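Colleague: For reference, the structure I am asking about is given below.
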Amino acid sequence: MSLWEYANPVKFIRTTDVVLPWVSGLAVLCLTVGLIWGFFFTPEDYRQGSTVKIIYLHVPAALMAINAWIMMLIASMIWIIRRHHVSALAARAAAPVGAVMTVIALATGALWGQPMWGTWWVWDPRLTSFLILFLFYLGYIALWSAIEDDDTAADLTSILCLVGSVFALLSRYAVNFWNQGLHQGASLSLDKEENVADVFYHPLLLSIAGFVLLFVALVFLRTQTEIRARRTRALIAREQQG
Amino acid sequence: MRALLARDLRLGVRAGGGFGLGLAFFLIVTVLVPFGVGPETALLARIAPGVLWIGALLACLLSLDRILALDWEDGSLDLLATAPLPIEGVVSIKALAHWITTGLPLVLAAPLLGVLLNLAPDGYLWVLVSLAVGTPALSVIGTFGAALTIGLKRGGLLLSLLVLPLYVPTLIFGAEVARRGADGLDVATPLMLLAGISFGAMALLPFASAAVLRINLR
């Protein structure tokens, strides 16, 4: 029993078929409870008023936007090194999800920024690097869809993902240098004694869990679809030959 | 390697190579900016370093698809790939040829165009220096993008989408050097970071470009 067993598409589909309903069910549960708790049963911040509640969408989406890229990076490396097709397809499946997460983070940030900072958008380092991350997602998705041959596309996009990660990281620090920030520092971290106050913290953790599960469910689903689509194409090709 | 460089330079400079097209584009962008933002000299002086950098970057981008596409179409790239020269070497030479035919003229033209934009007197030297240090990175990164999109029919637009985000750090530090130089501030930190990006890209990216090219030539 090893992780590499799931490189077999049949095995992957069989396992995810069992896991998928549980993951999606848990995702829905966590999101419903977390968001409703967060939106309706937490006090309003004494300075930010009710706008503080956007944190339950903004923070998890931003987290997942970055983690989705990291997951794509790892999957790409697995594809380059061990050439497991499922891994390449999982990277492909994660890209649009990550892009949407980036858009959610940017949009909710803008909605929060309007009343709080008095502007929809500032060229703050964090905001700017998210916008750049979004551009990287777009380029990655566009390259996938532009190349016809599946293996070539997988190879090229994984190298783009590796090179892109380096440049995304460079940009992250370059924009820090370029402009000073308006965005607050991290409100959550694992090694800090105190995070945001507990009333906000617990529903936030729930909605983060919900977003993670949602991401996993979507990636499983999209990878399955991709495997099945590829199998259909292979069958059709065989039919035409025979 | 030298023969390949000479060949690429000759092809680039002679008719049909599009030599000078990048320069003309740079000139036009610089001329169009005052039409867009108005002719006040104070405003132009303030944005001049940034405009020069963006103009040079776009002119560079415009000529990227020529780096490899022509050789790909007539099949000489396949011959180069089977030659004893490693593909990493071929890619580096291609990037160097692109820099000499496109980047270097842009660097030299930038101070002249600075006159049009009323660049501050201190700025000329630093615009020249920052472009001279930064444009090699643009060429090397561009070669990577060109190698990625080589076999595609509508590669041009995709090339811009892929390459422009990769240009962000270079642009930030390059324009920062030019801007600080024009304001008479200390330029050492951004200049060193720009040089770091430039040399890092020159050292590492040819391997990525070569890997991509091998996949595309498979």
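Every number in this text was worked out from the coordinates using simple rules, so none of it is lab data. Everything numeric here is computed off the predicted structure, so don't read it as measured data. Reconstructed Cβ throughout: ideal geometry from the backbone, glycine too, with neighbour counts over all protein chains shown.
Colleague: Place a +1 charge on the Cβ of each Lys and Arg in the protein assembly as shown and a -1 charge on the Cβ of each Asp and Glu, then give the dipole magnitude about the Cα centre in debye, rounded to the nearest 20.
Modeller: Once rounded to the nearest 20, the dipole reads 880 debye.
Colleague: For chain B, how big is Rg over Rh, using alpha carbon atoms and the Kirkwood form of Rh?
Modeller: Rounded to two decimals, Rg/Rh equals 1.00.
Colleague: Arrange the peptides B:147-155, B:27-35 so that the one whose residues have, on average, the most other Cβ atoms within 10 Å appears first.
Modeller: So the peptides B:147-155, B:27-35, ranked by packing, come out B:147-155, B:27-35.
Colleague: Could I ask something else about it? Please give the helix B:21-37 orientation as an angle from the longest Cα principal axis of chain B, in degrees from 0 to 90, rounded to the nearest 10.
Modeller: Once rounded, the angle reads 30 degrees.
Colleague: Near A:Lys53, which aspartates and glutamates are there with a Cα under 13 Å away, not counting those fewer than 8 places off in the same chain?
Modeller: Counting by Cα, and skipping residues close in sequence, A:Lys53 has these aspartates and glutamates nearby: A:Glu44, A:Asp45.
Colleague: Another question, if that's okay. Would you kindly give the portion of the calculated P(r) for the protein assembly as shown that falls above 31 Å, as a percent of all Cα pairs?
Modeller: On the way: 53995 of 105570 pairs.
In whole percent, the long-distance tail amounts to 51.
Colleague: Helix B:123-148 versus the longest principal axis of chain B: what is the Cα-based angle in degrees, 0 to 90, to the nearest 10?
Modeller: 30
Colleague: Hey, if you drop one equal point scatterer on each alpha-carbon of chain A and run the Debye formula without solvent, what base-10 log of I(q)/I(0) do you get at q = 0.18 Å⁻¹?
Modeller: At q = 0.18 Å⁻¹ the computed log10 ratios are -1.40.
Colleague: Could you give the spread of the C-alpha atoms of the range B:134-201 along their three principal axes, from largest to smallest, in whole angstroms?
Modeller: Ordered largest first, the range B:134-201 gives principal extents of 47, 20, 13 Å.
Colleague: Would you work out which of A:Ile104, A:Leu218, A:Ala229 lies farthest towards the positive end of the dipole of chain A, given +1 charges on the beta-carbon of Lys and Arg and -1 on that of Asp and Glu, about the Cα centre?
Modeller: Farthest along the dipole direction, towards plus: A:Ala229.
Colleague: Under a point-charge model restricted to the Cβ atoms of Lys and Arg (+1) and Asp and Glu (-1), what is the dipole moment magnitude of chain B relative to its Cα centre, in debye to the nearest 20? All intermediate terms of the calculation are to be shown ahead of the outcome.
Modeller: Numbers: 13 positive and 12 negative charges, 81 e Å.
Result for chain B is approximately 400 debye, rounded to the nearest 20.
Colleague: Next question, about the same structure. Where the only charges are on Cβ atoms (+1 Lys, Arg; -1 Asp, Glu), what is the dipole of chain A about its Cα centre, to the nearest 20 debye?
Modeller: Result for chain A is approximately 480 debye, rounded to the nearest 20.
Colleague: Measure nothing but the geometry: give the 0 to 90° angle between the long axis through the Cα atoms of B:41-62 and the longest principal axis through the Cα atoms of chain B, rounded to 10°.
Modeller: Rounded to the nearest ten degrees, it is 0.
Colleague: Quick one: which residues, 5 or more positions from A:Asp45 or on another chain, have an amide H under 5 Å from its amide H? H modelled 1.01 Å from N in the peptide plane, none for Pro or chain starts.
Modeller: Residues meeting the criterion, in which the H sits 1.01 Å from N, are A:Val52.
Colleague: Give me the percent relative contact order of chain A, please, defined on Cα pairs under 8 angstrom at least 6 residues apart. Intermediate values should be presented prior to the final figure.
Modeller: On the way: 255 pairs, mean separation 80.1, N = 242.
Across chain A, relative contact order equals 33 percent.
Colleague: Continuing with this model, one more query. Take the alpha-carbon centre of the range B:25-55, take the same for the range B:76-136, and report the distance between them in whole Å.
Modeller: 21
Colleague: List the trypsin sites (Lys or Arg not before Pro) within the range A:17-88 that fall in a DSSP loop (any state other than H, G, I, E or B) and whose Cβ has at most 13 other Cβ atoms within 10 Å.
Modeller: Passing sites in the range A:17-88 are A:Arg47, A:Arg83.
Colleague: On to the next question. Restricting to Cα pairs below 8 Å that are 6+ residues apart, what does the relative contact order work out to for chain B? Please round to a whole percent. The partial results should precede the final answer.
Modeller: Values: 270 pairs, mean separation 58.4, N = 218.
After rounding, I find 27 percent.
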